[in-house]
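The values are calculated or read from the model by the stated rules, or taken from the named source; none is laboratory data. The structure displayed is predicted, hence computed values, not measured ones. Ideal geometry is used to build each Cβ from the backbone, glycine not excepted, and the neighbour counts take in all protein chains shown. SASA here: full protein model, heavy atoms, side chains in, ligands and nucleic acids out. Shrake-Rupley method; radii C 1.70, N 1.55, O 1.52, S 1.80 Å.
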Amino acid sequence: TSEVKMRKQYDVVIIGGGIQGLSLAYYLARDGSQRVVVFEKSYLGSGASGRNGEMIRSAFGSREWIGLWDKSLHLWEDLAADIGFNVMFTRHGYMILATNPEEFDGLKQNQKTQRELGLKTTILDAEDVLRLIPAMNPDLIAGGLLQASAGFARHDAAIWGYARAARRLGVDIFPFTEVKDIVVQSGSVRTVKTSGAEVETRTVVNAAGAHDRRIAQMVGLELPTVTHRIEVMVTEPLKPFLLKAVSAPGLLCYMHQSARGEFIGGAERDDFVPSTSMRNSLGTTCAIASKYVRIFPQLAGVRMMRQWTGLISQTPDHAPIIGSVPEIEGFLLSVAWSGYGFMGGPGGGKALSEYILSGDLPPEIRPFNAQRFKTGELVIEPAIIKKEHR
């Protein structure tokens, strides 16, 4: 960054150097018509983009979620070749585990919607699940749903890859540069003030992750978002026994095994308490460990190597807010991706870039507008963990 001199004017200012901000910068830069800058107050990927469970799927239960996340999954499949960097996308498959008959019925219902939209997913009975993953505790298996084209990728590789590709195309990226204020005149964005300098622009994108509310307040906008924490742990390397990514929504946990044999994933405590602390908690660490062992008994006694905490922003319907706001011209949002921002990173960035470049809102992001909380047209996604139903 020491070699890059900040310009006085940019066409698009992106606030946030996570996967949403960097993917947007890359897809905008491919067009070649926009001068783009990314401001990140810490290091790139320092937020939830570098602190997640790395799992990727599009097998959800609503048309809205499937539409956006399937766009993203297709981009993940060719991303390494596209950006010239190995993001280690591994297409080993993603299985959603049902631990009781009610959950299994829900998976069958979700599959009907998936098939209507062209997704190839497979319903598995308990015996199928056990044949696929013999290490799993048979007492917890009611059935499952498998998306064979899904999998997982390395979160740090995706961040580095998008950043390098965007820089090659002329995007200016300034880490450790905090946005201090956004000047609005006559209802339109005019200037962004940072810890380093002041730049003129007509388009600002709030992709600030857990800090989205503070950025929105700079233009007088209140977002209906709250901040939560998610914790993840990694075990010592083990002989491979889990080829698939697995989530068990009924147990509030998810996991996969890396190429090195490390068991990676997270879980939430059943007595979930919202927090903005970045410190790992003993209670959540114990919850992750105990749920791991319940699902995979052979993990008893395995050592934990490391753990981390990430902060996420979340809306009342758990879906992101993407696009413009009627209150301020030139102020756009890509926020509140909850725990699904990494897997939705390529799709979100690509769709928002199409909107900025053409002025036409792509159908995949139309349902995720900011106005839905006033009109009541919430995006209801039956396949994700509903915190209010705990």
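Tabulated results
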{"read-out": "Angle in degrees between helix 63-77 and the longest Cα principal axis of the chain, rounded to the nearest 10", "value": "90"}
{"read-out": "Helix 345-358 axis, angle to the chain major axis (alpha carbon atoms, nearest 10°)", "value": "30"}
{"read-out": "Residue among PHE373, PHE331, PHE104 with the largest mean-square fluctuation in a Gaussian network model of the chain, springs linking Cα atoms under 10 Å", "value": "PHE373"}
{"read-out": "Among MET95, MET136, MET55: highest mean-square fluctuation, GNM of the chain, C-alpha pairs under 10 Å", "value": "MET136"}
{"read-out": "Segments 339-350, 223-234, 147-158 sorted - mean Cβ within 10 Å per residue, highest first", "value": "339-350, 147-158, 223-234"}
{"read-out": "Under 14 Å from the Cα of LYS108 - aspartates and glutamates, other chains or at least 8 residues apart", "value": "GLU116, ASP125"}
{"read-out": "Counting DSSP beta bridges with both ends in the chain, the antiparallel % (nearest 5)", "value": "70"}
{"read-out": "GNM result for the chain, Cα springs below 10 Å: residue of GLY359, GLY144, GLY61 fluctuating most strongly", "value": "GLY359"}
{"read-out": "Partners for LYS41 among lysines (Cα-Cα distance below 24 Å; same-chain residues under 8 apart left out)", "value": "LYS5, LYS8, LYS180, LYS193, LYS350"}
{"read-out": "Accessible surface of region 127-200 [probe 1.4 Å, protein heavy atoms]: carbon and sulfur percent", "value": "47"}
{"read-out": "Mean shadow area of region 88-228 over all directions, Cα convex hull, nm²", "value": "13.3"}
{"read-out": "Candidate lysines - alpha carbon under 21 Å from LYS239, same-chain residues fewer than 8 apart omitted", "value": "LYS291"}
{"read-out": "Simple Cβ-charge dipole of the chain, Lys/Arg +1 and Asp/Glu -1, about Cα centre, in debye nearest 20", "value": "760"}
{"read-out": "Helical mean residue ellipticity (222 nm; -39500 (n - 2.57) per DSSP H run of 4+; nearest 500) of the chain", "value": "-8500 deg cm²/dmol"}
{"read-out": "The chain - accessible surface per residue (Å², probe 1.4 Å)", "value": "42"}
